[in-house]
């Protein structure tokens, strides 16, 4: 169940897919309550949304659900957003602040460490290996971390989330030309809203790997699920019309990143 899925390409671009998996080990599933078993906080269909948009891309995906362990969190458990509501390395609540475990069945420190070694570490070993491989080919690598989330989650943020949420940890994780190019594409997308380093400034993956001085540039894209789902409620159906419209803009973004070269 923990097998990391890697598709290798020969371009400088690597896509991270940390939250599309829905696999939950039986021992963990047995301890989840109905809220947890609903896995509402999945990045629904993001792998389908990005599939086939650009040639030569490398992808790294974990099939394990974020309720088992969130591979986009600091493995130490330190919060990325101190003072703000969020979910942890091994979440105990969903995005609405509701418990996902049966009473008394939450993972203890030993279990969290086991999950970190079993699921978190292999994902990042695979991702780091692909970034190293791509950087050896081109002299640099660009990591684009693929995410989506419901557009309205009062527990996490006020109001309605913009459609495109670009995260570069305030410009630290990639060349500023990359940041500017992606933002320009999003702003020019008719009918869509966008923001740079708003509520989502880039998760642990973006912050950990984004070291421009060492030749690795990382950028996170958090999409509002209203841009490509029929509804942000079960059964979380993929809307082909909405998705195809969005995919045209995502294609422009990914092609721009594939073609980018350091100056």
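A crude spin-label estimate for the pair residue 241 and residue 155, with each label 7 Å from Cα along the Cβ direction, gives 3.3 nm. Cα centroids of region 198-229 and region 28-93: how far apart, whole angstrom? Distance between centres, Cα-based: 14 Å. Using a simple spin-label model with pseudo-atoms 7 Å out from Cα toward Cβ, residue 170 and residue 86 lie 1.4 nm apart.
Ranked highest first by the average count of other Cβ atoms within 10 Å around their residues, in what order do 23-35, 250-262, 115-127 fall?
Working: 23-35: 14.4, 250-262: 17.5, 115-127: 19.2.
Averaged packing, sorted descending, gives the order 115-127, 250-262, 23-35.
Averaging over every viewing direction, what projected area does the convex hull of the Cα atoms of region 194-263 cover, in nm²?
Averaging across all directions leaves 6.2 nm² for the Cα convex hull.
Kirkwood's formula applied to the C-alpha pairs of region 78-185 gives a hydrodynamic radius of 17.3 angstrom. Of the Cα atoms belonging to the chain, the radius of gyration and Dmax stand at 17.6, 56 Å. Could you tell me what percent of the DSSP beta bridges with both partners in region 5-259 are antiparallel, to the nearest 5? Counting DSSP beta bridges with both partners in region 5-259, the antiparallel share is about 35 percent.
Using 0.36 nm per residue of separation minus the Cα-Cα distance, give me the extension gain between residue 98 and residue 233 in nm, one decimal.
Values: separation 135, 0.36 × 135 = 48.60 nm, distance 1.63 nm.
Stretched fully, the residue 98-residue 233 segment lengthens by 47.0 nm.
The stretch between residue 78 and residue 106 holds 8.2 nm of extra length on full extension. This uses 0.36 nm per residue minus the Cα-Cα distance. Protection proxy ranking of 202-215, 149-162, 96-109, 61-74, by the mean of other Cβ atoms within 10 Å over each peptide's residues and highest first, is 61-74, 202-215, 149-162, 96-109.
Take the Cβ atoms of residue 180 and residue 251, set R0 to 25 Å, and the FRET efficiency comes out at 0.85.
Taking a ≥ b ≥ c as the square roots of the eigenvalues of the alpha-carbon gyration tensor, region 1-44 is classed oblate because a/c is 1.5 or more while a/b is no larger than b/c.
Computed over the Cα atoms of region 121-263, what is the ratio Rg over Rh, Rh following Kirkwood?
Values: Rg = 15.5 Å, Rh = 15.9 Å.
Reported Rg/Rh, Kirkwood definition of Rh: 0.98.
Bear in mind that the values in this text are calculations on the coordinates, not laboratory data. Keep in mind that what you see is a predicted model, and the values were worked out from it rather than measured. Cβ coordinates were reconstructed from backbone atoms using ideal geometry, including for glycine residues, and neighbour counts include every protein chain displayed.
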